[in-house]
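Sharing a structure with you now.
The values are calculated or read from the model by the stated rules, or taken from the named source; none is laboratory data. Note that the coordinates shown come from a computational prediction; the quantities given were computed from them, not determined experimentally. Please note: Cβ atoms are built from the backbone with ideal geometry, for glycine as well, and neighbour counts cover all protein chains shown.
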Ligand SMILES: Nc1ncnc2c1ncn2[C@@H]1O[C@H](COP(=O)(O)OP(=O)(O)OP(=O)(O)O)[C@@H](O)[C@H]1O
Ligand SMILES: [Mg+2]
């Protein structure tokens, strides 16, 4: 994980554009996005459906290439790298958490985490103690022998977060992580994300439709029609007048 104090942006997006399809079927999902994120920041991203939030994540996370613009993630310019470079990025620097948990149904929680580790090829040695603390924070240490169907939605999402963090990503991209959860489980997941950020300086970008959930970040980035329209700081409750 990253030291909050380290210099320079961990994500630097400049004039990013993404067009899906061609000609009359073209969809301009991103129309010139600029975004800087410092190591250790927790940034919430809000905006209407179709405004390009997930597309931005997919590009930062190396799932899809941009059409134009520059994207530097964890020191690497990923706008020009090919498929193998993007695979390396996903293995080494960036992890996703999705609305639908996306756990492998036939594997236990522990094996879901192990599979992610073995695909990444990153050893957990040296990180074992911190990871055990993360599992305790997530409250799933006792549930690791269970399969996803034997876990509640909230527990499944907490396993998905553990899986995402096991590879020690520089950046955690959470795309509506509370979208499938009731208010109690949503609150638990949001508090955990904030604690991971506070305790380990984990850089987090989180897409949410909930203005309350967005308050768990340090900053809120507003997207509309493929552009960032506003970036505002979250005022901690004690500082509000
Ligand atoms: N693979 C794709 N092929 C074609 N168009 C796509 C593709 N993915 C997204 N789009 C289009 O790009 C635009 C932005 O989509 P995106 O999924 O980034 O929005 P979003 O802000 O995440 O929306 P939501 O809040 O509904 O998840 C939408 O018009 C969408 O239909
Ligand atoms: Mg989306």
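For residue 54, state whether it is within 16 Å of ligand 2 (Cβ to nearest atom) and either in contact (Cβ under 8 Å) with a residue 40 or more places away in the chain or loosely packed, with under 15 Cβ neighbours inside 10 Å (or both).
So residue 54 passes the test.
Among the residues of region 39-68, what is the count of those that are assigned to a loop (DSSP other than H, G, I, E, B) and either within 11 Å of ligand 1 (Cβ to nearest atom) or in contact with a strand residue (DSSP E or B) (Cβ under 8 Å, 6 or more places away or on another chain) (or both)?
15
Out of (1) within 16 Å of ligand 1 (Cβ to nearest atom); (2) at pLDDT below 90, the odd one out for residue 97 is which?
(2)
Inspect region 18-34 for any residue being out of contact with any strand residue (DSSP E or B) (no Cβ under 7 Å at 6 or more places or on another chain), over 23 Å from residue 218 (Cβ atoms) and in contact (Cβ under 8 Å) with a residue 24 or more places away in the chain and give the result as yes or no.
There is no residue in region 18-34 that is out of contact with any strand residue (DSSP E or B) (no Cβ under 7 Å at 6 or more places or on another chain), over 23 Å from residue 218 (Cβ atoms) and in contact (Cβ under 8 Å) with a residue 24 or more places away in the chain.
Considering only helices (runs of 4 or more DSSP H) fully contained in region 149-241, which possess at least 2 residues that are within 16 Å of ligand 2 (Cβ to nearest atom)?
Ranges flagged: 211-214.
Take the conditions under 22 Å from residue 37 (Cβ atoms) and in a loop (DSSP other than H, G, I, E, B) and apply them to residue 123. Does it pass?
no
Just wondering, is there one or more residues in region 82-95 that are within 16 Å of ligand 2 (Cβ to nearest atom), buried (at least 20 other Cβ atoms within 10 Å of the Cβ) and within 24 Å of residue 223 (Cα to Cα)?
no
Against the conditions (1) out of contact with any strand residue (DSSP E or B) (no Cβ under 9 Å at 6 or more places or on another chain); (2) closer than 24 Å to residue 61 by Cα; (3) surrounded by 19 or more Cβ atoms within 10 Å (Cβ to Cβ), where does residue 173 fall short? Just the number, please.
(1)
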